[in-house]
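For reference, the structure discussed in these notes is given below.
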Amino acid sequence: MNEKEILEFWKKKKIYEKSKKKNSKGKKFYMMDGPPYATGNIHMGTALNKILKDVTMRSQRLQGKNVFDRPGYDTHGVPIEIQIEKEIGSKSKKDIEKYGVKKFIEKCKKFATQYIGVMNSEFENLGVWMDFSNPYLTLDKEYIEKIWETFKYADKKNLLYLGKYPVHVCPRCETVVAFNEIEYGKQEDTSIFVKFRLKNEKNTYLIIWTTTPWTLPGNTGVMANPNFVYQKIKLSNGEHWIMAKKLIPEIMGKLEIGYTPEKEFLGKEMNEWQYEMPLEKYINIKLKKLRKVVLSSRYVNLEEGTGLVHSAPGHGKEDFEVGKKTGLDIVSPVDIKGILTKEAGKYAGGKAREIDKEIINDLKKENMLVYEMKYTHDYPLCWRCHTPLLMISIPQWFLKISEIQKKILKENEKINWIPNYMKLRMKAWLEGISDWPVSRDRYWGTPLPIWVCNKCNKKIVIGSVKELE
């Protein structure tokens with residue numbers, strides 16, 4: 001028999017239905033079908049995914065188990081929005097609003113469901129046995145209500161909160177990108193070495209290095225490693241520079257500047273030293289605390305840079321972690337479109353990364369730029385449109401994964417991972433996860449069931465459509 005005849009035989013004799021009926025009183029086996037996007041014909045990845053699931057389910061059926069095998073389709077999210085944006089010629093969220101959000105959503109719904117029948121038949125042609133007559137869709141009321149119920153449960157457990165925390169955003173999609181959605185690609189940026197003048201010391205500067213000049217308006221600290229040896233050197237022009245001793249010969253050789261070594265000290269001696277940020281007069285940020293040197297043995301290395309790290313806690317997870325611990329101000333004068341806000345003063349209205357040129361020119365004017373060079377590095381990109389991402393702090397709803405992280409790690413130990421090394425891979429991933437931003441600032445998705453009172457800030461989380469009514 002050929003493939004076509006086998007498929008027809010299964011259909012005519014209702015073989016799939018009979019196998020389900022035969023095992024209906026058997027021990028239950030649940031197959032969770034992580035849903036593919038319903039945006040077109042299946043590809044090799046989705047085919048392999050379903051075939052592997054089918055092999056697993058067939059082996060369980062042969063053991064007499066009652067297999068739950070409902071397939072699903074992801075019909076929400078930015079990938080579908082991007083397809084419709086192309087269709088209507090939209091380049092930003094503003095264009096969607098001009099077009100009409102309701103009309104846009106209707107188009108998304110139509111596009112998201114038109115391929116479900118096609119994909120069902122393509123999976124069936126692969127020989128997959130699943131309940132394709134009743135797939136779940138993420139746009140279904142039943143599915144959305146389950147998400148709402150989960151939000152309500154998380155709120156009761158104090159695991160849902162509105163926080164301001166550095167997250168990756170795509171300035172084109174104007175949305176937050178979760179950690180597991182990030183792609184990396186090579187990007188060329190201008191990296192710079194900058195002088196930060198120490199307070200209470202004449203003509204003495206901390207030399208920092210950064211690959212993101214656009215984050216300098218958000219600077220509130222400089223990280224030093226408490227265990228590294230730092231050195232103060234004197235230049236022929238009378239200036240004194242401070243850097244990690246090990247890196248000085250290479251940096252000064254590159255600059256072709258002569259110097260005389262002065263005193264040496266451990267990084268821990270620099271703790272709480274105060275300094276001036278050279279762009280201070282150009283910006284409108286009023287800090288509650290003074291800019292200062294803070295210590296971090298984890299995030300300061302001797303592989304590149306100067307051993308002194310510019311810290312903008314509003315623009316980086318590591319910076320945020322150290323900044324919160326050491327009492328630095330956390331500012332982020334950039335909005336979700338990547339535009340610098342009025343707090344950025346002279347740079348307000350400029351676009352992050354593009355504003356680098358203006359910032360570098362001002363540093364030159366102030367005689368605070370030591371050196372600039374092109375720097376190619378792995379840079380995070382939006383997996384949907386491949387736009388370079390920005391790390392900024394904006395109010396978002398979070399699930400407090402940090403609260404249950406230990407419990408999740410314990411559960412991972414109980415799982416029979418095949419192959420076995422996947423347990424270690426999952427453990428490493430779970431150890432690195434942080435609180436999960438669940439709001440996306442988009443139009444085509446599950447509406448967040450959270451209402452906040454403008455007067456008292458009290459929030460209500462709705463768990464069902466009935467509650468909403």
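Taking into account only those residues within the range 50-79 that are polar (S, T, N, Q) and over 24 Å from Cys108 (Cβ atoms), which is surrounded by the most Cβ atoms within 10 Å (Cβ to Cβ)? Restricting to residues being polar (S, T, N, Q) and over 24 Å from Cys108 (Cβ atoms), the top hit is Gln60. In the set Lys156, Lys152, only one residue is without any contact (Cβ under 8 Å) to a residue 24 or more places away in the chain and under 28 Å from the mean Cα position of the chain (by Cα); that residue is Lys156. Of the strands (runs of 3 or more DSSP E) contained entirely in the range 153-222, those carrying at least 1 residues that are farther than 22 Å from Ile450 by Cβ fall at 160-170, 182-198, 204-210. For the range 303-325, the set of residues classified as surrounded by fewer than 14 Cβ atoms within 10 Å (Cβ to Cβ) and either modelled with pLDDT of 95 or more or of a type outside the set (Asp, Glu) (or both) consists of Lys324, Lys325, listed by residue number.
Okay, residues lined up against (1) closer than 30 Å to Ile80 by Cβ; (2) in contact with a strand residue (DSSP E or B) (Cβ under 9 Å, 6 or more places away or on another chain); (3) assigned to a helix (DSSP H, G or I); (4) not assigned by TED's automatic domain parsing to the domain that holds Met252:
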{"site": "Asp319", "(1), (2), (3), (4)": "no, yes, yes, no"}
{"site": "Gly323", "(1), (2), (3), (4)": "no, yes, yes, no"}
{"site": "Asp329", "(1), (2), (3), (4)": "no, yes, no, no"}
{"site": "Ile359", "(1), (2), (3), (4)": "no, yes, yes, no"}
{"site": "Met373", "(1), (2), (3), (4)": "no, yes, no, no"}
{"site": "Thr376", "(1), (2), (3), (4)": "no, yes, no, no"}
{"site": "Ser393", "(1), (2), (3), (4)": "yes, yes, no, yes"}
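Filtering the range 19-42 to residues that are free of Cβ contacts under 8 Å to residues at least 60 places away in the same chain and either loosely packed, with under 10 Cβ neighbours inside 10 Å or not in a loop (DSSP other than H, G, I, E, B) (or both) leaves Lys20, Lys21, Lys22, Ser24, Lys25, Lys28, Phe29, Tyr30, Met32, Gly34, Tyr37. Taking (1) acidic (Asp, Glu); (2) under 30 Å from Pro447 (Cα atoms); (3) at pLDDT below 95 in turn, Glu149 satisfies each apart from (3).
Yes or no: the range 239-246 includes at least one residue that is at pLDDT 95 or above, in contact with an Asp or Glu (Cβ under 8 Å, 6 or more places away or on another chain) and of a type in the set (Lys, Arg). Looking for residues that are at pLDDT 95 or above, in contact with an Asp or Glu (Cβ under 8 Å, 6 or more places away or on another chain) and of a type in the set (Lys, Arg), one finds at least one in the range 239-246, hence yes. Out of Met243, Met252, one residue alone is crowded, with 21+ Cβ neighbours inside 10 Å and of a type outside the set (Asp, Glu). It is Met243.
Scanning the range 127-167 for residues that are acidic (Asp, Glu) and either in contact with a strand residue (DSSP E or B) (Cβ under 7 Å, 6 or more places away or on another chain) or surrounded by 19 or more Cβ atoms within 10 Å (Cβ to Cβ) (or both) turns up Glu145, Asp155. If you go through the range 361-385 and keep only what is surrounded by fewer than 12 Cβ atoms within 10 Å (Cβ to Cβ) and either of a type in the set (Phe, Trp, Tyr) or touching a Gly at 6+ places or on another chain (Cβ under 9 Å) (or both), you end up with just Asp378. Do you know which residues across the range 331-349 are in contact (Cβ under 8 Å) with a residue 60 or more places away in the chain and either in contact with an Asp or Glu (Cβ under 7 Å, 6 or more places away or on another chain) or surrounded by 19 or more Cβ atoms within 10 Å (Cβ to Cβ) (or both)? The answer is Val331, Ser332, Pro333, Val334, Ile336, Lys337, Gly338, Leu340, Ala344, Tyr347.
The values are calculated or read from the model by the stated rules, or taken from the named source; none is laboratory data. The structure presented is a predicted model; accordingly, all values stated were derived computationally and were not measured. With ideal geometry, Cβ positions are generated from the backbone for all residues, glycine too; neighbour counts draw on all protein chains shown.
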